[in-house]
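**Student:** Starting off with a structure, shown below.
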Amino acid sequence: QVQLVESGGGLAQAGGSLRLSCAASGSGFSIVSMGWYRQAPGKQRELVATITSLGATNYADSMKGRFTISRDNAKNTLYLQMNSLKPEDTAVYYCNAIISIPPSTTMFSHWGKGTLVTVSS
């Protein structure tokens, strides 16, 4: 069983920064990739960024250059550094992990409960 717990959300001013963290706990699994997604009020959940176990990253176009995803594999912790925040970045940010349970190669998707980021103008 994998548990994902996000932290670091809160209130920021436009142009400011926040750093989100996501700690993965549990045993018996291998993390294939992790990512951040967000859901603004009245909108669908959307991709923010993902990172594989080898460090390959992928960003949504609107986040490129402002957000940086990183991970500490030893600590099973995912980070999202958010700079130059805009009011439209206001959303609940969710951590996602794609895992496998060796020796099976079947992959499973797990979600955290989310952390709210509010950016004021």
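**Student:** Six or more apart or on different chains, Cβ atoms under 6 Å: show the pairs whose first residue is in region 99-121 and farther than 28 Å from residue 14 by Cα and whose second is of a type in the set (Ser, Thr, Tyr) and open to solvent by less than 70 Å² (accessible area, probe 1.4 Å).
**Tutor:** 100/30; 102/30; 107/100
**Student:** Scan region 55-69 and give yes if some residue there is in a strand (DSSP E or B), among the acidic types (Asp, Glu) and free of Cβ contacts under 8 Å to residues at least 24 places away in the same chain, otherwise no.
**Tutor:** Kept after step one, since they are in a strand (DSSP E or B), are these residues of region 55-69: 57-59, 67-69.
Subsequent filtering for residues that are among the acidic types (Asp, Glu) retains none.
Among the residues of region 55-69, not one is in a strand (DSSP E or B), among the acidic types (Asp, Glu) and free of Cβ contacts under 8 Å to residues at least 24 places away in the same chain, which makes the answer no.
**Student:** I want to confirm something. Restricting to region 24-42 and keeping residues that are outside any strand (DSSP E or B) and open to solvent by 60 Å² or more (accessible area, probe 1.4 Å), which single residue is farthest from residue 79 (Cα to Cα)?
**Tutor:** The initial filter retains those residues of region 24-42 that are outside any strand (DSSP E or B), namely 26-29, 40-42.
When the remaining residues are screened for being open to solvent by 60 Å² or more (accessible area, probe 1.4 Å), the result is 27, 41-42.
Numbers: 27: 20, 41: 23, 42: 26 Å.
The residue in question is 42.
**Student:** Please specify each residue of region 1-13 satisfying the condition of being open to solvent by 50 Å² or more (accessible area, probe 1.4 Å) and among the small types (Gly, Ala, Ser). Spell out how you get there, then give the answer.
**Tutor:** Taking region 1-13 first, the residues open to solvent by 50 Å² or more (accessible area, probe 1.4 Å) are 1, 3, 5, 7, 11, 13.
Hit for region 1-13 is 7, nothing else.
**Student:** Take the residues in region 62-110 that are under 15 Å from residue 40 (Cα atoms) and of a type in the set (Ser, Thr, Tyr); name whichever of them is surrounded by the most Cβ atoms within 10 Å (Cβ to Cβ).
**Tutor:** Only one residue tops the list, namely 93.
**Student:** Any residue in region 15-29 that's over 17 Å from residue 68 (Cα atoms): show its pairings with residues that are of a type in the set (Asp, Glu) at Cβ separation under 8 Å, as long as the two are six or more apart or on different chains.
**Tutor:** none
**Student:** Does residue 17 count as among the polar types (S, T, N, Q) and closer than 13 Å to residue 119 by Cα?
**Tutor:** Spelling it out, residue 17 is indeed among the polar types (S, T, N, Q) and closer than 13 Å to residue 119 by Cα.
**Student:** Residue by residue through region 78-121, note down the ones that are modelled with pLDDT under 95, part of a strand (DSSP E or B) and among the polar types (S, T, N, Q).
**Tutor:** 100
**Student:** Shifting gears a bit: Give me the residue from region 49-95 that is closer than 24 Å to residue 107 by Cβ and of a type in the set (Gly, Ala, Ser) and, out of that set, nearest to the chain's Cα centre (by Cα).
**Tutor:** 49
The values are calculated or read from the model by the stated rules, or taken from the named source; none is laboratory data. Please read all numbers here as calculations on a predicted model, not as lab measurements. Reconstructed Cβ throughout: ideal geometry from the backbone, glycine too, with neighbour counts over all protein chains shown. Side chains included, ligands, DNA and RNA excluded: accessible areas come from the protein's heavy atoms. Shrake-Rupley method; radii C 1.70, N 1.55, O 1.52, S 1.80 Å.
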